[in-house]
Amino acid sequence: MTGCGTTAKPLAPPLAAPQWQSSQLTESLGQRRQQFRTVRALARVNYAGPEGKHGFDEAVLVQRPDRLRLETLTFLGAILIVTANDTEIIGYHPREGALVRGRSSKENLLRLTQIPLELDEITALLLGLPPVESSVPWRQEGNALIHAPNGRIKDTLNFDSQLPVPTRWQRFNGAGALELTALFADYIITPAGLFPSTINVEAPLQGKKLEIRFQEPEFNVAIPAESFHQQKPPHVKEYPIERVGG
């Protein structure tokens with residue numbers, strides 16, 4: 001598989017969005033899911049939550065739908081390495097000599113990523129894709145698509161741009177409360193297609209916010225399968241992932 005390196009070419013200043021047809025928007029969603037399959041990048045992440053605020057650099061490896069590797073970096077090296085696949089999730093803390101392991105689940109991913117999504121949804125989000133399927137029934141309101149199974153709103157998508165790319169996604173829980181919002185901004189031109197180099201994620205029920213700014217992402221590169229697994233190093237203590245606060 002040939003990799004797509006990226007030279008950042010910001011789009012022109014935003015103009016008023018045209019009135020899109022729902023068929024144009026769902027077609028764009030489907031095409032983008034075909035265009036973006038893997039990403040390798042560095043990112044600057046700013047986090048704010050009940051524990052306080054902090055920023056850090058992150059090495060990101062993603063292979064849709066169910067392969068993820070995140071390395072939290074400092075100038076001294078990695079302080080946390082998270083790998084997730086369809087079987088298990090591992091978090092390795094090199095400085096503490098500790099490793100946590102658990103089954104692949106939304107709850108366990110939340111413990112290590114602060115994002116309340118399933119693995120296939122997180123991998124989509126990190127590739128600039130709203131974690132929805134274009135084939136589900138949508139109704140259009142202006143430049144927004146609304147997915148409301150059984151009459152209850154589950155997902156909304158906004159396309160407030162001169163191009164048919166998503167600018168905001170929202171997920172509502174069964175009680176109708178806003179569970180998660182993602183803003184897709186600063187689109188750049190890449191060989192794979194238009195990519196939002198800034199993704200802002202907010203979980204209002206948890207009072208948590210993430211700003212992710214990608215730096216020189218490479219798309220559709222071949223990533224070795226072993227990148228998404230970790231072997232426990234000698235002399236490292238292993239604990240169940242439930243010891244990590246959710």
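For the residues ALA124, ALA78, the requirement of being surrounded by 15 or more Cβ atoms within 10 Å (Cβ to Cβ), in contact with a Pro (Cβ under 7 Å, 6 or more places away or on another chain) and part of a strand (DSSP E or B) singles out ALA78. For the range 137-157, the set of residues classified as loosely packed, with under 12 Cβ neighbours inside 10 Å and in a strand (DSSP E or B) consists of ARG139, GLU141, listed by residue number.
Inspect the range 110-118 for any residue being among the polar types (S, T, N, Q), within 14 Å of the chain's Cα centre (by Cα) and under 28 Å from PRO240 (Cα atoms) and give the result as yes or no. Yes, the conditions are met somewhere in the range 110-118. Considering LEU117, LEU109, the condition of being touching a residue at least 24 places away in the same chain (Cβ under 8 Å) and farther than 25 Å from THR74 by Cα is satisfied by LEU117 alone. The set of residues from the range 32-85 being in contact with a helix residue (DSSP H, G or I) (Cβ under 8 Å, 6 or more places away or on another chain), over 20 Å from VAL244 (Cα atoms) and not acidic (Asp, Glu) comprises ARG33, VAL39, VAL60, LEU61, VAL62, GLN63, ARG64, PRO65, ARG67.
Matching residues to (1) touching a strand residue (DSSP E or B) at 6+ places or on another chain (Cβ under 8 Å); (2) surrounded by 13 or more Cβ atoms within 10 Å (Cβ to Cβ); (3) at pLDDT 95 or above:
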{"site": "LEU11", "(1), (2), (3)": "yes, yes, no"}
{"site": "ALA43", "(1), (2), (3)": "yes, yes, yes"}
{"site": "LYS53", "(1), (2), (3)": "yes, no, yes"}
{"site": "LEU68", "(1), (2), (3)": "yes, yes, yes"}
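Cβ-Cβ distances below 8 Å connect the following pairs, each with a first residue in the range 188-214 that is on the phi > 0 side of the Ramachandran plot, a second residue that is surrounded by fewer than 17 Cβ atoms within 10 Å (Cβ to Cβ), and a separation of six or more residues or different chains: GLY193/GLN31; GLY207/GLY49; GLY207/PRO50. Applying the set (1) at pLDDT 95 or above; (2) of a type in the set (Gly, Ala, Ser); (3) surrounded by fewer than 20 Cβ atoms within 10 Å (Cβ to Cβ) to SER134 leaves exactly one unmet item: (1). Selection of the range 196-211 for residues being in a loop (DSSP other than H, G, I, E, B) and under 27 Å from ARG33 (Cβ atoms) yields only PRO204. For residues that are assigned to a loop (DSSP other than H, G, I, E, B) and surrounded by fewer than 12 Cβ atoms within 10 Å (Cβ to Cβ), tally how many sit in the range 212-245. Here the count works out to 7. Against the definition (touching a Phe, Trp or Tyr at 6+ places or on another chain (Cβ under 9 Å), without any contact (Cβ under 8 Å) to a residue 60 or more places away in the chain, not β-branched (Val, Ile, Thr) and not in a strand (DSSP E or B)), how does PRO164 come out, yes or no? It is false that PRO164 is touching a Phe, Trp or Tyr at 6+ places or on another chain (Cβ under 9 Å), without any contact (Cβ under 8 Å) to a residue 60 or more places away in the chain, not β-branched (Val, Ile, Thr) and not in a strand (DSSP E or B).
Only residues that are part of a strand (DSSP E or B), surrounded by 15 or more Cβ atoms within 10 Å (Cβ to Cβ) and among the aliphatic types (A, V, I, L, M) were counted across the range 81-115, and they come to 7.
The values are calculated or read from the model by the stated rules, or taken from the named source; none is laboratory data. Note that the coordinates shown come from a computational prediction; the quantities given were computed from them, not determined experimentally. Using ideal geometry, Cβ is built from the backbone for each residue, glycine included, and neighbour counts are taken over all protein chains shown.
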